Amino acid sequence: MESMAGNGGNRTLERVAAILDAVGTSAVSASELARRTGLSVSTTHRLALSMADYGFLSRDADGGFRMGERFVRSALENAAAPVLDELRRATGETTQLWIRRGDERVCVLSLDGPHELRATLPVGARLPLPAGSSGRLLAGDEAALADVQRQGWVESVGLRTPGLGSVSAPVVLDGVTIGAVCLAMPLARVQASPGEDFGNETVAAARRIAEAMAGRLR
């Protein structure tokens, strides 16, 4: 039987695995990846570009490489699921996790609240940016970012859907917003405003998800 080291395809897989082991959530240059893996810079750069094409790595504007969507999204969903469930139990309202895809936001997790009257959207739902509190946040709306800077959360009161409100907080990893936690509810149950009622809980949930993500991707 031919050994793994003697097979060209397996050698490529070994190099890909070495690059994945060397990269993390922070952007790393091809030369640094080469240093960490012992591969040549040209080989590392060529493989990293191919891995970025398939979503195993992502490449930032400065040419640095970090863990790609295939890993980040899976890790994000796994990290978020128990936190969203706890947030739903604590608030009694629907909890969601949104990510940005182009000019839309995509719901990757949604846990409905227990009330008969509730906000609900299925997993996979796509909405145009910047609609809603999560949409404003993921679109980088200046007013939304100012709200986050000041209080940690963004709220929407009947703007996208009359009668419904929401509060959202960013999931930030290494300074990059990779998703948004959203708590959505009928305005009939809101006391002051979605953010005043549940902003702190939503921010805490987003931070817990980011911490869990950092631990999973180390």
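The values are calculated or read from the model by the stated rules, or taken from the named source; none is laboratory data. No experiment lies behind these values; they were computed from the predicted model shown. With ideal geometry, Cβ positions are generated from the backbone for all residues, glycine too; neighbour counts draw on all protein chains shown.
The listed residues are R11, R100, and the only one of them that is among the basic types (K, R), outside the structural domain of F198 (by TED's automatic domain parsing) and either touching a helix residue (DSSP H, G or I) at 6+ places or on another chain (Cβ under 8 Å) or farther than 30 Å from A131 by Cβ (or both) turns out to be R11. Any residue in the range 16-36 that is under 22 Å from G179 (Cβ atoms), surrounded by 13 or more Cβ atoms within 10 Å (Cβ to Cβ), outside the structural domain of L97 (by TED's automatic domain parsing) and polar (S, T, N, Q)? Checked the range 16-36: at least one residue is under 22 Å from G179 (Cβ atoms), surrounded by 13 or more Cβ atoms within 10 Å (Cβ to Cβ), outside the structural domain of L97 (by TED's automatic domain parsing) and polar (S, T, N, Q). Of all the criteria given as (1) under 24 Å from G179 (Cβ atoms); (2) not assigned by TED's automatic domain parsing to the domain that holds L173, the one not satisfied by L76 is (2).
Residues of the range 123-174 being β-branched (V, I, T) and either over 19 Å from the mean Cα position of the chain (by Cα) or not assigned by TED's automatic domain parsing to the domain that holds E77 (or both), which ones? Steps first, please.
Applying the first criterion (β-branched (V, I, T)) to the range 123-174 yields 123, 148, 154, 157, 161, 167, 171-172.
Listed by number, the residues that qualify are V157, T161.
Do the conditions hold for A119, that is, is it in contact (Cβ under 8 Å) with a residue 40 or more places away in the chain and surrounded by 21 or more Cβ atoms within 10 Å (Cβ to Cβ)? Here the answer is yes, as A119 does meet what is asked. For P114, state whether it is more than 20 Å from the chain's Cα centre (by Cα) and surrounded by fewer than 24 Cβ atoms within 10 Å (Cβ to Cβ). Considered against the rule, which asks whether it is more than 20 Å from the chain's Cα centre (by Cα) and surrounded by fewer than 24 Cβ atoms within 10 Å (Cβ to Cβ), P114 comes out as yes. Number of residues in the range 156-212 that are part of a strand (DSSP E or B) and closer than 21 Å to H115 by Cα equals 13.
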